[in-house]
């Protein structure tokens with residue numbers, strides 16, 4: 001408090017009350033701490049927004065410099081002069097540089113993160129699908145399983161777990177999620193974003209083959225069980241020289257399927273690879289359709305588990321959590337006005353007047369105003385993110401009076 005803390009009557013001046021209100025406190029320090037983390041989280045979030053897959057971009061000035069250098073070298077060679085050394089000594093711009101504000105349109109991450117609020121909910125859906133498919137498969141397997149219902153349940157659970165896990169993680173999470181990311185053809189198309197898309201396409205192809213093989217094997221397993229239950233042999237004339245073979249030599253297929261193994265349940269996977277659609281049992285067809293349907297749902301849920309661009313949802317979640325924590329910290333500071341009233345009252349030696357309380361409240365509001373700006377996105381950043389005109393952004397935003 002300054003030397004003129006009190007006037008002749010012993011009352012505090014407005015400046016004295018402001019100084020007392022602005023004294024460091026646990027509540028205020030918590031706001032500063034959360035604001036620092038929110039700033040870091042915001043920078044991380046907008047780094048993903050702006051870069052969109054590459055940390056640096058090719059510098060056009062560098063390319064221009066290379067063209068000029070090549071032209072001068074060619075001219076010097078034609079003229080037989082020795083000006084090449086001087087040209088080489090000329091300072092060249094950097095090959096790559098970081099993006100600047102206003103340059104990210106068309107390259108950055110231009111979407112709101114689609115990550116679920118509660119990722120555990122998606123995992124619960126997957127668990128329910130595994131239980132449902134296991135129960136359904138157990139019904140089909142238990143009829144002819146030598147271990148009865150218990151054996152059928154274990155067999156069904158293994159098939160269902162493989163089917164759902166491959167669909168959810170490989171096809172959905174790694175494949176469909178990355179493929180849904182827009183391509184970026186800058187820098188000749190060789191950048192991180194396009195590499196993710198390519199990896200996603202490969203994951204979809206591999207995952208689809210695995211899912212098809214798993215479900216076809218389960219269907220052929222059920223088909224063979226039905227044939228064995230009736231005491232029949234595999235029908236003659238079911239060749240393996242039809243598409244697809246899943247890269248298995250037709251001669252190898254014929255050798256296995258015409259052997260003693262070909263009439264046992266152990267040949268289910270071989271039948272799936274060599275003659276995948278030679279299924280003659282209704283239960284086997286229903287089993288195949290059910291497995292593929294559940295695989296499709298699992299792949300869709302895997303796609304929704306996170307945003308297409310890897311790491312963007314993590315940055316978005318960190319920003320959401322940081323802003324929420326900052327909001328709570330600001331609210332706690334605003335609720336600490338009673339402590340400030342008590343402090344000022346002790347120094348004053350009496351209760352505060354309404355005017356003095358208003359000075360405290362206004363000072364607290366002024367202290368929090370810079371930190372409250374971290375809870376919103378500026379117009380300039382919005383314009384840079386989405387490439388929209390300032391008039392459109394102002395039209396869509398809610399003004400200070402609360403009107404749209």
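The values are calculated or read from the model by the stated rules, or taken from the named source; none is laboratory data. It should be emphasised that the depicted structure is a prediction, and the values quoted were computed from it without experimental measurement. We place every Cβ from the backbone using ideal geometry, glycine too, and count neighbours over all the protein chains shown.
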Quick check: is even one residue across the range 202-215 part of a helix (DSSP H, G or I), out of contact with any helix residue (DSSP H, G or I) (no Cβ under 9 Å at 6 or more places or on another chain) and in contact (Cβ under 8 Å) with a residue 60 or more places away in the chain?
no
Which of the helices (runs of 4 or more DSSP H) found entirely inside the range 308-404 contain at least 2 residues meeting this: within 19 Å of residue 19 (Cα to Cα)?
312-334, 337-348, 354-372
Does residue 96 count as modelled with pLDDT of 65 or more, surrounded by fewer than 19 Cβ atoms within 10 Å (Cβ to Cβ), over 30 Å from residue 63 (Cα atoms) and out of contact with any helix residue (DSSP H, G or I) (no Cβ under 7 Å at 6 or more places or on another chain)?
no
Among the residues of the range 351-364, which ones are without any contact (Cβ under 8 Å) to a residue 12 or more places away in the chain and surrounded by 11 or more Cβ atoms within 10 Å (Cβ to Cβ)?
352, 353, 358, 362
Got at least one residue in the range 324-342 being under 30 Å from residue 192 (Cβ atoms), without any contact (Cβ under 8 Å) to a residue 60 or more places away in the chain, surrounded by 15 or more Cβ atoms within 10 Å (Cβ to Cβ) and not assigned by TED's automatic domain parsing to the domain that holds residue 198?
no
